[in-house]
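To keep things clear, I will list the structure first and then write my remarks on it.
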Amino acid sequence: MRVLLVEDEVRLAENVAAALREGPGFAVDHAEDGETASDLAGNRCYDLIILDLNLPRVDGPTVLRRLRARGDSTAVLVLTARFERESIVELLNAGADDYLTKPFDLGELIARAKALIRRGKGVAATALRLGDIEMNTAEQMVFRGGQPITLSPMEYKILEYLMHRPRLVVSKRELLEHMYDYNWEHHSNVIEAHVSNLRRKLNQHAETSSIETLRGRGYRLQIDREVAG
């Protein structure tokens with residue numbers, strides 16, 4: 001999953017970004033001011049935006065209003081030092097999905113972030129299922145036909161992304177943009193290898209294939225019929 005972190009406190013931003021990358025394995029883009037955040041959100045696709053309120057150039061509430069005014073429904077987790085109930089209600093009414101008051105625990109931030117992303121994908125529980133493929137996103141475990149499958153972190157992230165989009169064609173560019181940060185182009189030669197390894201592991205305990213390669217278009221996860229690899 002790809003996250004935009006908007007925070008001008010450098011040390012806090014570094015700690016939050018590191019926790020998001022090392023824990024759930026999110027790709028994280030960072031903006032230090034509201035103007036940059038608005039530009040990034042308008043040009044890229046994010047699964048979650050973590051938004052501080054007190055930002056230089058353009059403040060957080062203005063960034064939030066811009067997002068919603070242009071019809072952007074990306075989940076927004078607000079970081080605020082404001083304790084007044086009126087301010088929180090105003091933020092929620094403006095389109096924020098959740099908030100955390102500074103100082104906060106990184107573990108709680110990660111839990112809130114994962115919950116908002118699941119909600120945004122229409123998945124309320126921590127279990128994803130497609131046919132005989134099961135994924136527990138809380139424990140990061142994968143099963144097929146009841147048999148556990150050991151995946152690398154990148155293979156897991158690719159499968160999770162595809163599980164949220166069953167039977168839809170996902171381009172290599174889309175995968176790269178959500179798996180990596182700004183310099184995703186540098187990794188373009190390895191995505192095929194990750195998908196190939198993932199397909200091989202998923203097919204180990206099944207008679208039918210799981211990930212279809214559509215030449216020039218991308219990949220599709222489906223298990224209701226045999227597909228070509």
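The values are calculated or read from the model by the stated rules, or taken from the named source; none is laboratory data. For clarity, every value in this text was computed on a predicted model and none was experimentally measured. Neighbour counts run over all protein chains shown; Cβ positions are idealised from the backbone, glycine included. The area values use the complete protein model at the heavy-atom level, side chains included, leaving out ligands, DNA and RNA. Shrake-Rupley method; radii C 1.70, N 1.55, O 1.52, S 1.80 Å.
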Original post:
Is there any pair linking a residue in the stretch 1-21 that is at pLDDT below 90 to one that is in a loop (DSSP other than H, G, I, E, B), with Cβ under 8 Å and at least six apart or on different chains, and which?
Top reply: MET1/PRO24; MET1/PHE26; MET1/ASP47; ARG2/PHE26; ARG2/ARG44; ARG2/CYS45; ARG2/TYR46; ARG2/ASP47
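Show me the strands (runs of 3 or more DSSP E) found entirely inside the stretch 62-150 where at least 2 residues are surrounded by fewer than 16 Cβ atoms within 10 Å (Cβ to Cβ) and either modelled with pLDDT of 90 or more or on the phi > 0 side of the Ramachandran plot (or both).
Working: elements: 75-80, 98-101, 127-130, 133-136, 141-144, 147-149.
Because the criterion is at least 2 residues that are surrounded by fewer than 16 Cβ atoms within 10 Å (Cβ to Cβ) and either modelled with pLDDT of 90 or more or on the phi > 0 side of the Ramachandran plot (or both), no strands (runs of 3 or more DSSP E) in the stretch 62-150 meet it.
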**OP:** Give the residue that is nearest to the chain's Cα centre (by Cα), with candidates limited to residues of the stretch 42-60 that are open to solvent by 10 Å² or more (accessible area, probe 1.4 Å) and among the hydrophobic types (A, V, I, L, M, F, W, C).
**Re:** CYS45
Original post:
Out of the stretch 1-20, which residues are under 13 Å from ILE50 (Cβ atoms) and part of a helix (DSSP H, G or I)?
Top reply: LEU12, ALA13, ASN15, VAL16, ALA17, ALA19, LEU20
Subject >> Output for the stretch 41-53, where each listed residue is outside any strand (DSSP E or B) and closer than 10 Å to VAL6 by Cα >> reply: LEU53
Original post:
How many residues does the stretch 167-193 hold that are within 18 Å of the chain's Cα centre (by Cα) and at pLDDT 75 or above?
Top reply: 10
